Structure formats: structure tokens, C-alpha cells
Amino acid sequence: MDNFVYEIGNKLYINLTNRCSNRCNFCVRNNGASYGGYNLRLTKEPSVAEVLAAAGNPTDYKEIVFCGYGEPTYRFNAVMELAGVWKQSGVPLRINTNGQADFICGCDISAELARAVDVISISLNTGSAQKYRRICRSIYGEKAFDAILNFAKRCVKAGARVIFTVVDILPARDVEAAKQIAAACGAEFKIRELIGDNDGVNV
């Protein structure tokens, strides 16, 4: 059975797609680990109606997060429709994204997204385009990195709370470089715990 939604603690997570423009060396779906004990591989992408039915009452949760094995902005229309329903509940909404929406959606969605959710969390994971290409392996190559920074700046300008994140296995110099980039973009910065086994992970 596909897990379109899953609970961790008092938060509800929304798993809309397995599609992603990255193939990160440290990604949970690439290292064989489950996420919070859930298998998030999908046999099909859920409809908005299926997600709403599986989610139940949004006020049962402290936060609703668009986050699964894939990149949520591949389902941008579904994100917007779901956010429009849940926004009325007053429950905070967050999207975890790789920040490559300009390429994925083919247009600038930053203002729309900033209005729809409360927090935009962007996985940065390094401080240079060259290293980003090596460890995150975007299908858009090195140009993905600058696109991520520009997307973040526009989201900040649109009034969103933006957080750049890095995994905790990065070298200290990369963490510091990413932290400085976050500050320059007007974003917050967070170090997050790597999910799964980091043995053999090349960063």
C-alpha cells in the first residue's frame, strides 16, 4: 500500500511524488533506508482527493510538511490545491524542496509558493556550484546551484520564511560556506541529521 501521507511525532508529511531532479549521494532513498519507518516508494502519484482522504483532520497536527522521496514542486499544482484547503485550518505548512522549481516548473513560482505555505525549507548541502553538482548530481548540472540561490532570494522577497539546510556529515568548511550563503540570501540556516547509514557516503 502506498504511503501518500505519514506521521512522525505530531507532524503530518505529504508524499506526492518519487520524481526528483537530484540524485544526492546521501539521499535516504538511495542508501536503502526508510524514513521514520515508512517505505515511501510509490506505485502511483496520488490525487489531491486521495491525499485529503488519507490526511484526515489537519488540526490533529502541529505542522503539515510536503516532503517524501521526491521533489514536491514536480506536483506544484497539487501542492497549491492542498495548501489552499489546509491554510484555512491555521496549521503551519512547510515545503521541503531542492530549490530547482524554476527548471522543474518552467516558470517563477516563488511568489505563489510564498503565499501558500509558511516555511520554505531548501536543501543546499554545500557552498559551491561545483561541489553541489558532485554530491547532489542535479540533472541541470552546475547551473542548478545559482538557480537555487535566486529562487531563495525571490521567496524571501515575497515574504516567505526561508531556511537553507545542510546534512550534518558535511565538512566544517562546507557548512560554514553554506551558512554564509544563507545569510547573503536573507535565509535562515539549519544543520539537519542525515537519515540512514552514512558509511561510504561521499560528500
What do you get for Rg/Rh over segment 1-97 if you use C-alpha atoms and the Kirkwood form of Rh? 0.94
Arrange the residues I181, I122 by how much accessible surface each exposes, largest first, with a 1.4 angstrom probe. I181, I122
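Over the chain, what percent of the accessible surface lies on carbon and sulfur atoms, probe 1.4 Å?
On the way: 4390 of 9290 Å².
Here carbon and sulfur together make up 47 percent of the probe-accessible area.
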What's the extension gain from R134 to E7 if we count 0.36 nm per residue and subtract their Cα-Cα distance? 42.5 nm
Quick one: of the DSSP bridges fully inside the chain, what percent are antiparallel, nearest 5? 20
Using modelled backbone amide H atoms (1.01 Å from N, in-plane), which distant-in-sequence or interchain residues come within less than 5 Å of F189's amide H? F164
Ignoring everything but the protein chains, give the 1.4 Å probe accessible area of K131 in square angstrom, nearest 10. 30
Residue-normalised accessible area of the chain, expressed per residue, 1.4 Å probe, Å²: 46
The chain pair-distance distribution - Cα-Cα, 5 Å bins, rounded %: 1, 8, 16, 21, 21, 18, 11, 4, 1, 0
Read phi for every residue in segment 90-103 and hand back ³J(HN,Hα) as whole Hz from Karplus 6.51 cos²θ - 1.76 cosθ + 1.60, θ = phi - 60°, with x for Gly and Pro. x, 6, x, 10, 10, 10, 9, 9, 8, x, 9, 4, 4, 7
Mean-position separation - Cα centroids, segment 124-162 and segment 86-108, in angstrom: 15
Angle between the chain longest axis and helix 76-86 axis [Cα atoms, degrees, rounded to 10]: 50
Quick one: helix 143-157 against the long Cα principal axis of the chain, what's the angle to the nearest 10°, folded into 0 to 90? 60
What distance in nm lies between label points placed 7 Å from Cα along the C-beta direction at A111 and N77? 2.1
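The values are calculated or read from the model by the stated rules, or taken from the named source; none is laboratory data. Predicted model only: the values in this text are computed from it and were never measured. Note: ideal-geometry Cβ built from the backbone for every residue, glycine included; neighbour counts use all protein chains shown. To get the accessible areas, we keep the full protein, side chains included, count just its heavy atoms, and leave off ligands, DNA and RNA. Shrake-Rupley method; radii C 1.70, N 1.55, O 1.52, S 1.80 Å.
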